[in-house]
Amino acid sequence: MSQPIKTAFTITPKADRISAAEREELLKAPGFGRVFSEHMAVVTYTEGKGWHTPEILPRQPLQLDPAASVLHYAQEIFEGMKAYRSPTGEPLLFRPDANARRFRRSAERMAMAQVPEELFLDAVKQLVKIDADWIPAPEVGTLYIRPFMIATEVALGVKPSAEYKFIVIACAAGDYFSKDAGPVTVWVEENTVRASRGGTGEAKCGGNYAASLTAQQEAKENGCHQVLFLDASERKWIEEMGGMNIVAALDDGSLLTPPLKGTILHGITRDSLLTLARSQGLTVREEPYAIDQLYADIASGRLRELFACGTAAVVTPIGTLKTSKGEHVISKETGAVTASLRQALCDMQFGRTHDTQGWVHTVG
Ligand SMILES: *Cc1c(COP(=O)(O)O)cnc(C)c1O
């Protein structure tokens, strides 16, 4: 799918662009979140005036007044998406309209100005166009795109800001977890929670991540890569990871994942995988799943595979769950259902298979 860019961005290309040789060196093993592209999109919102001054600029530090409200009351939201290099070298986006929609919903929850979906898409596409050379080769990785919005009004009174900046930056990304590492070990967090009913769990806001970091630290101290959070009221039901959704594959061939009821982020990877699974004839159930039942299902063999999913790491097999009381081992190897869903999704994202869903967009 291709829709032309409609917003008139003022484009100021970087004067002293990095050489192709240097860029290629950086793109060989970019890791995650360290090798940034050379430009950024910036759009400003002022109450009474709306969104204005759409610009593409050389990537540079922001100037913020120390009383800018984002620094005090955390009115901040973000998105995570990727540009993929197709077999013919063309930049592709995967369901960018879903990111635009979710960004609007996150803004609504945080009482921020809403970025019109077309403006969101145009900003992303303009940045990907000017920095297309920063998309790594498909066998290496992708260009990770980070749209975000901050409250910039200079005001210490607690109220929704009257000014915002919507910014898009990008970085080259190799595989989030190293390719051949196999299944990860996950810490089941029994004390702190990520989100509660009525809170901001459904919004993609930085504050949710800040709240998850002590658990992440605890996980690391216990030799785990990631955290699985339980529900806030009973500590009984599985919810999601710090930045990924979770799905179980059962011995009857079905998939089981917790329903989206206000505390779990609406993952686009989750939705895409469930849609692909259903189209392959798999039964998909979105039902509450108690952690004790999950442990029992591991023990009985009813639970065959468990995986986490999100844009950054795509599909990550979970081999072991760990708590203060002990371990529950699922498998030391990536399961067949996990591997085949990952493959089907990646083939679509990288433009290697026919896009049956209208999910793949060119940048115009
Ligand atoms: C971004 C995010 C996800 C994954 O969403 P995708 O759209 O699949 O990238 C899952 N959980 C949380 C908390 C997130 O912030």
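One table, with the values for the structure above:
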item: Computed P(r) (all Cα pairs; the range 10-173; 10 Å bins; percent); result: 10, 37, 34, 15, 3, 0
item: Cross-link reach list, lysines versus Lys125, counting only Cα pairs under 25 Å and skipping chain neighbours closer than eight places; result: Lys6, Lys14, Lys28, Lys49, Lys82, Lys165, Lys204
item: Alpha carbon Rg of the range 66-162, scaled by the compact-globule rule 2.2 N^0.38 Å; result: 1.28
item: Part-to-part distance (alpha-carbon centres) for the range 8-41 and the range 56-87, which is given in Å; result: 16 Å
item: Mean Cα-pair separation over length for the range 263-339, i.e. relative contact order, pairs under 8 Å, 6 or more apart, %; result: 25 percent
item: Label-point separation, Asp271 to Glu327 (7 Å along Cα→Cβ), nm; result: 3.7 nm
item: Relative contact order of the range 10-173, defined on C-alpha pairs under 8 angstrom at six or more residues apart (%); result: 34 percent
item: Theoretical ellipticity at 222 nm over the chain - DSSP helices of four or more residues, -39500 (n - 2.57) apiece, nearest 500; result: -7500 deg cm²/dmol
item: Nonlocal amide H pairs with Arg285, under 5 Å, H built at 1.01 Å; result: Leu255, Leu256, Thr257
item: Cα centroid of the range 328-344 to Cα centroid of the range 130-147, whole Å; result: 26 Å
item: Sorted largest first, extent of the range 179-349 alpha carbons per principal axis (Å); result: 37, 33, 30
item: Loop-located trypsin sites (Lys or Arg not before Pro) in the range 304-364, at most 15 other Cβ atoms within 10 Å (DSSP); result: Lys325, Lys332, Arg352
item: Percentage, to the nearest whole number, of Cα pairs in the chain over 38 Å apart; result: 18 percent
item: Relative contact order computed over the range 179-349 (Cα-Cα under 8 Å; 6+ residues apart), in percent; result: 26 percent
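Here, each number is a calculation from the coordinates, and none is a lab measurement. Bear in mind the structure is a predicted one, so any value in this text is a computation, not a measurement. Note: ideal-geometry Cβ built from the backbone for every residue, glycine included; neighbour counts use all protein chains shown.
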